[in-house]
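Engineer: Please see the structure below; I have some questions.
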Amino acid sequence: MTLDVHTRRQILKAALGGAAGIVLGAPVRLAAQAAGTTNTLRLADDVFVIQTPGQANVVAHTSAAGVVLVDGGSASGADSLMKAVAALPGGGPVRTIFNTHWHPEQVGSNELLGKAGATIIAHENTRLWLTTDVTWSWSGQHFKRLPKVAQPNKTFYKTGELESGIGYGYIPDAAHTDGDLYVYFPKQNVLAVGDVMSGSGWPVVDWATGGWIGGIVGGVQRIQALANEETRIVPGRGPVLSLADVKTQLQMYSTIYERLTTLLNKGRGPSEAVEAKPTKEFDALMGNGDEFVRRSFESLWAYLSPDA
């Protein structure tokens, strides 16, 4: 089966709100890196953020039992990611990887790690997306289903916990897709949230696989409830966020959501929503909001006007 799916992969432009990781001190860069290579930030003795230009953030937790990853970058970056993981203090083989959602830039290491016997954890909705071919009709870009060995081999519906105490849970608001999850490292107070939040520019509203602007508001609100003033929050892209950043984003997306629903109730369409500039006071920080507004407005049709 092939599904036509709209999604948007914008190059994100600007960091939102306060400096990342300022609570409990800034993240430590382990070593100077050449331009264009992987950088590793240490959030705790055993928790790291691996950042590669053009790739999604990857969180790594090291222990004597092996490495736990949150997301695995794209397939093209899998080898360099594994080298970065092997170089971590206390690193070892990757035993577990979480897929925060189905998009290719999160699941690119699944096949490599699946063949090595790793446990691949995802929400059941994410597994379902990864078992079907997907075509983005707006661009014609086609993605084949992952081979069986690369598909999640452990799924859940609400919450779960590893033996090490690492917790994870479903974000049912459908902020980015219908399979979003978070992973929480309680001892280190680090919360990985995938693309439910962005630390760099406007997020993608993948309404064809469940995401919508109301879900962004609900998802960010849920993250706010999970965090405290000392929590380091790792988004899918960009710098690490604080609770203050989450509150800033919640206020911003709530304002945009209210403006778009008002336009919808007046019978306006996506192009008219773009012309209304509902993100105007945020664009200087976040970048041009036209594509975000168009996708957000279209998402309202799916959730609030299903017969439109």
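The values are calculated or read from the model by the stated rules, or taken from the named source; none is laboratory data. Owing to the predicted nature of the structure, the values given are computational and were not obtained by experimental measurement. In this analysis, Cβ positions are derived from the backbone assuming ideal geometry, glycine residues included, and neighbour counts consider all displayed protein chains.
Engineer: What are the residues in region 99-127 that are hydroxyl-bearing (Ser, Thr, Tyr) and part of a loop (DSSP other than H, G, I, E, B), if any?
Structural biologist: Pass one, region 99-127, residues hydroxyl-bearing (Ser, Thr, Tyr): 100, 109, 119, 126.
Those that are hydroxyl-bearing (Ser, Thr, Tyr) and part of a loop (DSSP other than H, G, I, E, B): THR100, SER109.
Engineer: Go through region 228-250 and report how many residues are within 25 Å of HIS103 (Cα to Cα) and either of a type in the set (Asp, Glu) or touching a helix residue (DSSP H, G or I) at 6+ places or on another chain (Cβ under 6 Å) (or both).
Structural biologist: Residues that pass the stated criteria total 4.
Engineer: Out of (1) under 21 Å from VAL204 (Cβ atoms); (2) more than 18 Å from the chain's Cα centre (by Cα); (3) among the small types (Gly, Ala, Ser); (4) surrounded by 14 or more Cβ atoms within 10 Å (Cβ to Cβ), what's the single condition that is false for ALA118?
Structural biologist: (1)
Engineer: Checking the conditions here, which among THR248, THR209, THR279 is of a type in the set (S, T, N, Q), modelled with pLDDT under 95 and under 30 Å from VAL59 (Cβ atoms)? Steps first, answer last, please.
Structural biologist: Details: THR248 fails: modelled with pLDDT under 95; THR279 fails: modelled with pLDDT under 95.
Sole residue among the options that is of a type in the set (S, T, N, Q), modelled with pLDDT under 95 and under 30 Å from VAL59 (Cβ atoms): THR209.
Engineer: Against the condition within 21 Å of ASN57 (Cα to Cα), of a type in the set (Gly, Ala, Ser), in a loop (DSSP other than H, G, I, E, B) and out of contact with any strand residue (DSSP E or B) (no Cβ under 6 Å at 6 or more places or on another chain), how does GLY238 come out, does it pass?
Structural biologist: Numbers: within 21 Å of ASN57 (Cα to Cα): yes; of a type in the set (Gly, Ala, Ser): yes; in a loop (DSSP other than H, G, I, E, B): yes; out of contact with any strand residue (DSSP E or B) (no Cβ under 6 Å at 6 or more places or on another chain): yes.
Here the answer is yes, as GLY238 does meet what is asked.
Engineer: Restricting attention to region 131-171, which residues are within 19 Å of the chain's Cα centre (by Cα) and of a type in the set (S, T, N, Q)?
Structural biologist: Those that are within 19 Å of the chain's Cα centre (by Cα) and of a type in the set (S, T, N, Q): GLN151, THR155, THR159.
Engineer: Just give me the residues in region 272-308 being hydroxyl-bearing (Ser, Thr, Tyr), under 14 Å from TRP207 (Cβ atoms) and not in a helix (DSSP H, G or I), in sequence order.
Structural biologist: Filtering region 272-308 for residues hydroxyl-bearing (Ser, Thr, Tyr) gives 279, 296, 299, 303, 305.
Filter again for under 14 Å from TRP207 (Cβ atoms), leaving 296, 299, 303, 305.
Hit for region 272-308 is SER305, nothing else.
Engineer: Out of PRO278, PRO203, PRO235, PRO239, which single residue is over 26 Å from ASN125 (Cβ atoms), surrounded by 20 or more Cβ atoms within 10 Å (Cβ to Cβ), touching a residue at least 60 places away in the same chain (Cβ under 8 Å) and not hydroxyl-bearing (Ser, Thr, Tyr)?
Structural biologist: Working: PRO278 fails: touching a residue at least 60 places away in the same chain (Cβ under 8 Å); PRO203 fails: over 26 Å from ASN125 (Cβ atoms); PRO235 fails: over 26 Å from ASN125 (Cβ atoms).
Step by step, each of PRO278, PRO203, PRO235, PRO239 is checked, and only PRO239 is over 26 Å from ASN125 (Cβ atoms), surrounded by 20 or more Cβ atoms within 10 Å (Cβ to Cβ), touching a residue at least 60 places away in the same chain (Cβ under 8 Å) and not hydroxyl-bearing (Ser, Thr, Tyr).
Engineer: Further question on the same structure: Say whether the condition of being closer than 30 Å to VAL190 by Cα and either touching a residue at least 24 places away in the same chain (Cβ under 8 Å) or basic (Lys, Arg) (or both) is met by at least one residue in region 288-295. Before the answer, list the steps.
Structural biologist: Step one: list which residues in region 288-295 are closer than 30 Å to VAL190 by Cα, which gives 289, 292.
Narrowing further to those that are either touching a residue at least 24 places away in the same chain (Cβ under 8 Å) or basic (Lys, Arg) (or both): 289, 292.
Yes, region 288-295 has at least one match.
Engineer: Continuing with the same structure: Within region 251-271, how many residues turn out to be charged (D, E, K, R) and either touching a helix residue (DSSP H, G or I) at 6+ places or on another chain (Cβ under 7 Å) or outside any helix (DSSP H, G or I) (or both)? Full working, then the answer.
Structural biologist: Of the residues in region 251-271, the ones charged (D, E, K, R) are 258-259, 266, 268.
When the remaining residues are screened for being either touching a helix residue (DSSP H, G or I) at 6+ places or on another chain (Cβ under 7 Å) or outside any helix (DSSP H, G or I) (or both), the result is 266, 268.
Matching residues across region 251-271 total 2.
Engineer: Looking at this structure, is ALA284 among the small types (Gly, Ala, Ser), modelled with pLDDT under 95 and out of contact with any helix residue (DSSP H, G or I) (no Cβ under 7 Å at 6 or more places or on another chain)?
Structural biologist: Details: among the small types (Gly, Ala, Ser): yes; modelled with pLDDT under 95: yes; out of contact with any helix residue (DSSP H, G or I) (no Cβ under 7 Å at 6 or more places or on another chain): yes.
Taking the combined requirement at face value, the residue satisfies it.
Engineer: Something else about it: Against the definition (touching a Gly at 6+ places or on another chain (Cβ under 8 Å), within 15 Å of ASP71 (Cβ to Cβ), free of Cβ contacts under 8 Å to residues at least 40 places away in the same chain and surrounded by 18 or more Cβ atoms within 10 Å (Cβ to Cβ)), how does VAL107 come out, yes or no? Working first, answer last.
Structural biologist: Numbers: touching a Gly at 6+ places or on another chain (Cβ under 8 Å): yes; within 15 Å of ASP71 (Cβ to Cβ): yes; free of Cβ contacts under 8 Å to residues at least 40 places away in the same chain: no; surrounded by 18 or more Cβ atoms within 10 Å (Cβ to Cβ): yes.
It is false that VAL107 is touching a Gly at 6+ places or on another chain (Cβ under 8 Å), within 15 Å of ASP71 (Cβ to Cβ), free of Cβ contacts under 8 Å to residues at least 40 places away in the same chain and surrounded by 18 or more Cβ atoms within 10 Å (Cβ to Cβ).
Engineer: Another question, then. Could you please give the count of residues in region 57-87 that are on the phi < 0 side of the Ramachandran plot and not in a strand (DSSP E or B)?
Structural biologist: Kept after step one, since they are on the phi < 0 side of the Ramachandran plot, are these residues of region 57-87: 57-65, 67-70, 72, 74-87.
When the remaining residues are screened for being not in a strand (DSSP E or B), the result is 57, 62-65, 72, 74-87.
Adding up the residues that qualify gives 20.
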